[in-house]
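The values are calculated or read from the model by the stated rules, or taken from the named source; none is laboratory data. All of these numbers come straight from a predicted model, not from anything done at the bench. So basically every Cβ, Gly included, is an ideal-geometry build from the backbone, and we count neighbours across all protein chains shown. What goes into the accessible areas is simple: the full protein's heavy atoms, side chains included, and nothing from ligands, DNA or RNA. Shrake-Rupley method; radii C 1.70, N 1.55, O 1.52, S 1.80 Å.
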Amino acid sequence: GITDVRIDVGWDGLQPTGDRTPPSTDWYVKLLDTCVGMARSRGLTVLLTLHRCPPWARPAAYASVAGVLPADPN
């Protein structure tokens, strides 16, 4: 009876340097694509949640803490 699945996505894994999608993260994007594709092929609705703010987006006072909000929400 399950109709939905949540997939947690580490923002710091997708965009570690601030570039859109650096080549070093291709494996992570492919893994996400595979997981989403498998869920959708089974008729599941997918909810992606972002967590782990990358270092370049963190407030300076929290540079070593991944669990903070970005300095600029835009």
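Structure above, values below:
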{"item": "Verdict on T3 being open to solvent by less than 90 Å² (accessible area, probe 1.4 Å), β-branched (V, I, T), in contact (Cβ under 8 Å) with a residue 12 or more places away in the chain and farther than 26 Å from P70 by Cα", "result": "yes"}
{"item": "Output for the range 30-70, where each listed residue is over 18 Å from G10 (Cβ atoms), aliphatic (A, V, I, L, M) and in a loop (DSSP other than H, G, I, E, B)", "result": "L44"}
{"item": "Selected residue (criterion: surrounded by the most Cβ atoms within 10 Å (Cβ to Cβ)) from residues of the range 57-68 that are at pLDDT below 90 and within 17 Å of the chain's Cα centre (by Cα)", "result": "A66"}
{"item": "Residue in the range 34-54 that is in contact with a Pro (Cβ under 6 Å, 6 or more places away or on another chain), without any contact (Cβ under 8 Å) to a residue 60 or more places away in the chain, under 26 Å from P70 (Cα atoms) and surrounded by 12 or more Cβ atoms within 10 Å (Cβ to Cβ) present", "result": "yes"}
{"item": "Qualifying residue in the range 18-29 (condition: open to solvent by less than 40 Å² (accessible area, probe 1.4 Å), modelled with pLDDT under 90, of a type in the set (S, T, N, Q) and assigned to a helix (DSSP H, G or I))", "result": "yes"}
{"item": "Those residues of the range 41-74 which are of a type in the set (A, V, I, L, M, F, W, C) and under 27 Å from D4 (Cβ atoms), in sequence order", "result": "L44, V46, L47, L48, L50, C53, A66, L69"}
